[in-house]
């Protein structure tokens, strides 16, 4: 059984750093931060989604990818010349360009990948939908929960119609909206409570597979929020840090799973999921 906090504690902690702690970093800190961003952008530029976007027929999408790569080159030059703030700015712009291109070109992935993504996201929506159904039974906020449930179902149904029509990219976007809405509404309706979800797995390997799907769902949301400009300004450094740490933990989980250490892999994936939650909360999404 999992116990998921619906509060915004992490968000409050993140956004209430004393002013003294927000002073400009020294050159060494700037260098490390720029190098971290560089690795993140390189990973995104070389990801299958970015390659599919670059191969698309949409001129704007291609332009965004090419701009991202150009900015990445400029950032490398700035880093080599120890112009760390300049490198950081270029990498921020590169990340925005690549994220926007990936968002525009979600239909550029193969049908098999799109179908798998849609299935994984649908399972996540179904999980959170169950919590909304439970809240509907509560006289206190049952009416609000029913309204939220109707909207979640409407988006999910639209996603299914789009998928049936062969528009898998658009279907995934709608299902992602349904997932985001479900997460936000449960968090709002149960603010201050502890949300309990009972999930049973036949084996640690099955639980690991579930954690991978859960991670992917949040990964999609993070990219959506970045593309929408929700990580601009001072939030960028925090979001980048959370995303990078999530990636490291996911890599650790994969290594554990390869060695059949699925319990350890699950623990690592749970930590990775938490890091993505923190990224979302920093961008104003009440994830839990």
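A few remarks follow.
- Relative counts (whole %) of C-alpha pair distances in the stretch 110-197, using bins that are 5 Å wide: 3, 16, 25, 21, 14, 10, 7, 3, 1, 0
- Sequence of 117, 151 once ranked by neighbouring C-beta atoms within 10 Å, starting from the fewest: 151, 117
- Computed FRET value (nearest 0.05) for residue 138 with residue 89, which takes r as the C-beta separation and R₀ as 35 Å: 0.10
- The ranking of 92, 153 from fewest to most other beta carbons within 10 Å of each one's beta carbon is 153, 92.
- For the pair residue 28 and residue 271, a Förster radius of 25 Å applied to the C-beta separation gives a FRET efficiency near 0.40, rounded to the nearest 0.05.
- Between the stretch 257-281 and the stretch 120-141, the alpha-carbon center distance in angstrom: 23
- Ranked 215, 201, criterion: other C-beta atoms within 10 Å, fewest first: 201, 215
All of the numbers you see were taken from the coordinates with simple rules; none came from a lab. Nothing here was measured: the structure is a model prediction, and the numbers come from that model. No Cβ is skipped: glycine too gets one built from the backbone with ideal geometry, and neighbour counts run over all protein chains shown.
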